[in-house]
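Here the structure is laid out as structure tokens; the discussion comes afterwards.
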Amino acid sequence: MIKLSVKELPRDAKIDEEILNLLKEHSLAFVSGEMIGHHLKMTRTAVWKRIRNLKTLGYIIEALPRVGYRLTQSPDLLLPSEIHPILRTKWMGKKIHYFETIDSTNSTAYQLALNGAREGEVVIGESQEKGRGRLGRQWVSPPFMNLYLSVILRPKIPPHQASLMTLMAAVATAHAIEQYSDLTPSIKWPNDLLFGKRKVAGLLNEIHSETDRIHFVILGMGVNLNMDEKGFPKEIRAKATSLKKETGRPVSRRVFVGLLLEQLERWYEIFLKKGGSSLIEAWKVRAQIEGKRVRLTSFGEVLTGRAVDIDSNGALILTTGDGERIRVVAGDIEYEEQSAIRSRKS
Ligand code: BTN
């Protein structure tokens with residue numbers, strides 16, 4: 001059971017959002033402090049204080065005495081007011097809960113979902129104090145660098161198909177990365193996204209269900225976007241990468257979020273309409289898992305075997321050295337050789 005409390009978006013942050021919206025609506029003109037104050041029911045001095053705060057966040061706002069304010073440049077923040085103007089989804093991400101710092105976007109999304117949040121609501125943190133990875137690990141989440149995002153979904157599917165949501169999130173994230181960068185990451189079962197042997201994104205999906213019904217799924221996505229090598233802790237430096245490192249260019253985080261939400265909406269709808277098979281196909285193209293020798297760690301046990309396939313519910317099928325065929329639903333794998341991958345190109 002996850003223990004947490006949801007901090008409401010601070011009032012000041014909501015006011016900042018509204019000021020930004022006003023300034024963006026009149027992007028070519030100066031907007032007077034009086035007009036903003038009137039609109040938001042606050043004094044001109046209070047408006048000035050919020051403008052001062054926005055400048056500390058990186059917004060460049062011209063101020064002309066007795067005339068007003070004009071927004072000339074925005075930083076790459078993940079505020080809803082930055083994402084919504086470029087978001088082309090029908091329903092995914094229309095409501096974004098934004099936090100400058102948060103314990104974990106997954107924990108907060110879980111709590112919001114328990115309190116009735118709707119399908120497609122999204123939680124974004126600029127940083128996480130207790131970012132969670134799979135199998136109880138920590139997810140390094142420094143501010144204003146990467147993406148830490150969780151989506152609430154309420155699929156009408158039986159709980160045994162929940163792993164397919166994990167595959168869906170991996171496929172959607174891979175497509176978003178490809179669309180942004182023209183680079184194709186591979187997928188490592190169940191849902192790590194890699195360039196070579198280095199991880200660029202990880203997914204942590206959590207479900208709340210009863211025996212025959214899912215109440216909701218939280219898809220948690222951590223994508224390393226602008227992290228430099230030194231930003232990663234020493235222990236994982238050799239195993240981690242970022243999209244900036246791979247492309248050699250800084251990544252616009254808000255553009256990436258827009259693409260990711262579009263891909264999630266697209267693949268989720270494909271899954272609901274056509275079932276798991278099209279999803280599994282797309283996953284297999286990127287995972288190229290069949291025939292590879294793998295070392296599996298699952299519930300404290302380690303074994304080696306050859307990957308045969310993944311089944312219709314997303315479980316990994318392995319054959320062990322003595323010919324036994326086993327089905328694995330959770331764990332971590334390492335590849336023992338690379339040759340099988342190169343020989344199969346789709
Ligand atoms: C993994 O171990 O590979 C999964 C990492 C998942 C990290 C993301 S960041 C956003 C969301 N909130 C969390 O606390 N974790 C996930």
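HN-Hα J couplings of region 94-108 from phi, Karplus 6.51/-1.76/1.60, θ = phi - 60°, integer Hz, Gly and Pro as x?
5, 10, 10, 8, 10, 9, 5, 10, 8, 4, 7, 4, 5, 4, 5
Pull up the cross-link candidates among the aspartates and glutamates for K130, meaning alpha carbon to alpha carbon under 13 Å and not fewer than 8 places away within one chain.
Candidates past the 8-residue exclusion: D103.
If I take R0 = 35 Å and measure r between the Cβ atoms of L28 and F144 in this structure, what FRET efficiency does the formula 1/(1 + (r/R0)^6) give, to the nearest 0.05?
Calculated value: 0.80.
Most mobile of G258, G202, G231 per a Gaussian network model of the chain (Cα springs, under 10 Å)?
So, out of G258, G202, G231, the one fluctuating most is G231.
Give me the accessible area per residue for region 133-289, probe 1.4 Å, as a whole number in Å².
40
Measure up K156/K274; K55/K230; K90/K244 against 20 Å on the Cα-Cα distance and list the ones that go over.
Flagged as over cut-off: K55/K230; K90/K244.
Please enumerate, by chain and number, the aspartates and glutamates with C-alpha under 17 Å from the C-alpha of K49, excluding those fewer than 8 residues away in the same chain.
Partners found: D12, D16, E17, E18, E34, E62.
Please list, short to long, the whole-number percent of alpha-carbon pairs of the chain in consecutive 10 angstrom bins beginning at zero.
Result, from short to long distances: 5, 23, 31, 23, 11, 5, 2, 0, 0 percent.
Can you pull the one-decimal nm distance between simple spin-label points at D309 and Q73, each 7 Å off the Cα toward Cβ?
Taking the simple label geometry, D309 and Q73 are separated by 5.6 nm.
Taking every DSSP beta bridge with both residues inside region 1-150, roughly what % is antiparallel (nearest 5)?
Percent antiparallel among DSSP bridges in region 1-150 is about 60.
Based on the Cβ-Cβ distance of R325 and K130, what FRET efficiency does E = 1/(1 + (r/R0)^6) give at R0 = 35 Å, to the nearest 0.05?
Efficiency at R0 = 35 Å is approximately 0.35.
What whole-number distance in Å separates the alpha-carbon centres of region 154-213 and region 254-295?
For region 154-213 versus region 254-295, the Cα centre distance is 7 Å.
Could you work out the relative contact order of region 57-163? I mean the mean sequence separation of Cα pairs under 8 Å and 6+ apart, divided by the number of residues, in percent.
Relative contact order for region 57-163 comes out at 22 percent.
For region 191-307, just the Cα set please: Rg and Dmax, both in angstrom.
17.0, 48
Could the peptides 72-79, 107-114 be put in order, highest first, of the mean number of other beta-carbon atoms found within 10 Å of their residues?
Those peptides, ordered most packed to least, come out 107-114, 72-79.
Take the Cα pairs of region 73-198, get the Kirkwood Rh, then feed it into Stokes-Einstein at 25 °C and 0.890 mPa s and tell me D in µm²/s.
154
Could you identify which residue out of R198, R137, R254 has the top mean-square fluctuation in a GNM of the chain using Cα springs shorter than 10 Å?
In the Gaussian network model the winner is R137.
What are the ³J(HN,Hα) couplings of region 63-69, residue after residue, when phi is run through the Karplus curve with 6.51, -1.76, 1.60 and θ = phi - 60°? Round to Hz, x for glycine and proline.
Whole-Hz 3J(HN,Hα) from phi for region 63-69: 10, 10, x, 6, 10, x, 10.
Which value, to two decimals, describes the C-alpha radius of gyration of region 245-346 once divided by 2.2 N^0.38 Å?
Region 245-346 yields a ratio of 1.32.
Could you grab the relative contact order for region 30-74? Cα pairs under 8 Å, six or more apart, rounded to a whole percent.
Result for region 30-74 is 41 percent.
Of all accessible surface on the chain at a 1.4 Å probe, what whole percent is carbon and sulfur?
50
Using amide H atoms built in the peptide plane, which far-off residues or other-chain residues are under 5 Å from E336 H to H?
HN-HN under 5 Å from E336: R293, V294, R295.
The values are calculated or read from the model by the stated rules, or taken from the named source; none is laboratory data. Everything numeric here is computed off the predicted structure, so don't read it as measured data. Here Cβ is always computed from backbone atoms with ideal geometry, including for glycine, and neighbour counts include all displayed protein chains. Just so you know, the surface numbers come from the protein's heavy atoms only, side chains and all, with ligands and any DNA or RNA stripped out. Shrake-Rupley method; radii C 1.70, N 1.55, O 1.52, S 1.80 Å.
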